[in-house]
Amino acid sequence: MKALVKTQKGIGNIEIRDIPEPIPSSGEVKIKIAACGICGTDIHVKNDCFPYWPPVVLGHEFTGEIIETAKDCKTFKVGDKVVAEPHTKACGNCYLCRTGNIQICSAKRSPGWGIDGGMAEYICYPEKLLHKIPDSMTWEQAAVVEPTANIVTDLLERTGIQAGDFVVVQGPGPIGLIAAMAAKAVGARDVAIIGTPGDVELRFAKAKELGLNNLINIAETDPVKAIMDLTNGLGADVVVECSGAPKAIEMVPDFLKKMGKVCVVGLTGGKTVNINWDKFAFKVATVVFNLSTFYTSWDKAISLISSGRVPAEKLITHKEPLENWQKVFEDIEKLKALKAILIP
Ligand SMILES: [Zn+2]
Ligand SMILES: [Zn+2]
């Protein structure tokens, strides 16, 4: 079968290869991949700045239809359309696994970097990590369940956004825009999005299309003043930090409401942030760090997308056959793409 493979360590080293079709082991199903989203992780593996074990097929944001099941599979059957939690190889025995946190088990090796992923014609996958999607759901919608599940975990489940909250999103990439849509879907009073000049052409334009109108370009508008004006001088109830930019992070307590919450989603890539600790203390802030997805977030994400309340599929700007991967990866890195999916 055709697969997009990171062949060895180093920058680049990605090619389409013909590899043997996988055979389901005990507890696994074989899935015919219908689409696979490209995530920041895939770009990091390309650029050699994320752990991975080559040769490895890229991609963890896949969806498809089950075409075969191992004899001992109990839950899923041939014909089911599914999405998959990327928590493969979690040990099941450690403190984290035993407390229901398989997503951060240190033995976890996800598809796309730890084991062969979804940028291929087929994948064999443990049925215990699958979620069934409704027949009414399109493959485009299914392909954005994983990033949406991240926001459900981070913003809805862990940060505990409330109806009536004023929400600020920093960093309007796909995850930031999903956060903005999810905030609206659960009753946020309003949402403001902070970005840089590079965000204006594609990302702000998409935000407008989605009905998100408080768009703050830091090169033109002072974000602190703008947020204070929008909130009668009180500040934001919730700040969703998706930029990973130290300068943006340092500014957060200046427009956070007292008792406000900060939902940390973006990583800085190892850069140090000069936090004024006391500013957070005087705001009596709750800062919630996040990584990966809870089991419970997946069916909620499926419901939010399939009901149309979070139309995350509208972020898809590129839908290309696997062969065109190179151009699509380039467009993502040049900020010419928002969400991109590959069709094997
Ligand atoms: Zn992802
Ligand atoms: Zn474990």
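The values are calculated or read from the model by the stated rules, or taken from the named source; none is laboratory data. What you see is a predicted model, and the numbers here were worked out from it, not measured in a lab. Cβ placement follows ideal geometry from the backbone for every residue including glycine, while neighbour counts extend to all protein chains displayed.
Listed by first and then second residue, the pairs linking a residue in segment 39-56 that is in contact (Cβ under 8 Å) with a residue 60 or more places away in the chain and more than 10 Å from Gly10 (Cα to Cα) to a residue that is assigned to a loop (DSSP other than H, G, I, E, B) and away from ligand 1 (no atom under 15 Å from the Cβ), with Cβ atoms under 7 Å apart and 6 or more places separating them unless they lie on different chains, are Val56/Asp116.
Scanning segment 69-107 for residues that are within 16 Å of ligand 1 (Cβ to nearest atom) and among the aliphatic types (A, V, I, L, M) returns Val83, Ala84, Ile104. Scanning segment 29-51 for residues that are away from ligand 1 (no atom under 13 Å from the Cβ) and among the hydrophobic types (A, V, I, L, M, F, W, C) yields Val29, Ile31, Ile33, Ala34, Ala35, Cys49.
For segment 108-150, enumerate the residues that are among the aliphatic types (A, V, I, L, M) and within 16 Å of ligand 1 (Cβ to nearest atom).
Ile115, Met119, Ile123, Leu129, Ala142, Ala143, Val144, Val145, Ala149
Out of all the residues in segment 9-25, is one or more touching a strand residue (DSSP E or B) at 6+ places or on another chain (Cβ under 9 Å) and within 16 Å of ligand 1 (Cβ to nearest atom)? Looking through segment 9-25, none of the residues is touching a strand residue (DSSP E or B) at 6+ places or on another chain (Cβ under 9 Å) and within 16 Å of ligand 1 (Cβ to nearest atom).
Of the candidates Thr88, Thr69, Thr75, the single residue that is under 22 Å from the mean Cα position of the chain (by Cα) and either among the β-branched types (Val, Ile, Thr) or at positive phi (or both) is Thr88.
A search for C-beta distances below 7 Å between a residue of segment 104-131 that is more than 12 Å from Val82 (Cβ to Cβ) and any residue that is surrounded by fewer than 20 Cβ atoms within 10 Å (Cβ to Cβ) and at pLDDT below 95, counting only pairs 6+ apart in sequence or on different chains, returns Gly112/Thr41; Trp113/Thr41; Trp113/Phe50; Trp113/Pro51.
Taking segment 17-32 as the range and being surrounded by fewer than 16 Cβ atoms within 10 Å (Cβ to Cβ) and not in a loop (DSSP other than H, G, I, E, B) as the test, the residues that pass are Arg17, Asp18, Lys32. Within segment 52-68, being within 15 Å of ligand 1 (Cβ to nearest atom) and over 19 Å from Val82 (Cβ atoms) holds for Tyr52, Leu58.
Scan segment 308-344 for residues that are of a type in the set (A, V, I, L, M), part of a strand (DSSP E or B) and buried (at least 21 other Cβ atoms within 10 Å of the Cβ) and the total you get is 3.
So for segment 168-186 (the condition being closer than 20 Å to Asp254 by Cα and surrounded by fewer than 21 Cβ atoms within 10 Å (Cβ to Cβ)), does at least one residue qualify? Scanning segment 168-186, I find no residue that is closer than 20 Å to Asp254 by Cα and surrounded by fewer than 21 Cβ atoms within 10 Å (Cβ to Cβ), so the answer is no. All but one of (1) in the same structural domain as Val239 (by TED's automatic domain parsing); (2) within 17 Å of Leu304 (Cα to Cα); (3) touching a Lys or Arg at 6+ places or on another chain (Cβ under 8 Å); (4) crowded, with 18+ Cβ neighbours inside 10 Å hold for Gly160, so report the exception by its number. All conditions pass for Gly160, except number (4).
Here is a check on your reading of the model: is Gly198 under 24 Å from Lys283 (Cα atoms), more than 16 Å from ligand 2 (Cβ to nearest atom) and not aliphatic (A, V, I, L, M)?
For Gly198, the condition - under 24 Å from Lys283 (Cα atoms), more than 16 Å from ligand 2 (Cβ to nearest atom) and not aliphatic (A, V, I, L, M) - is not met.
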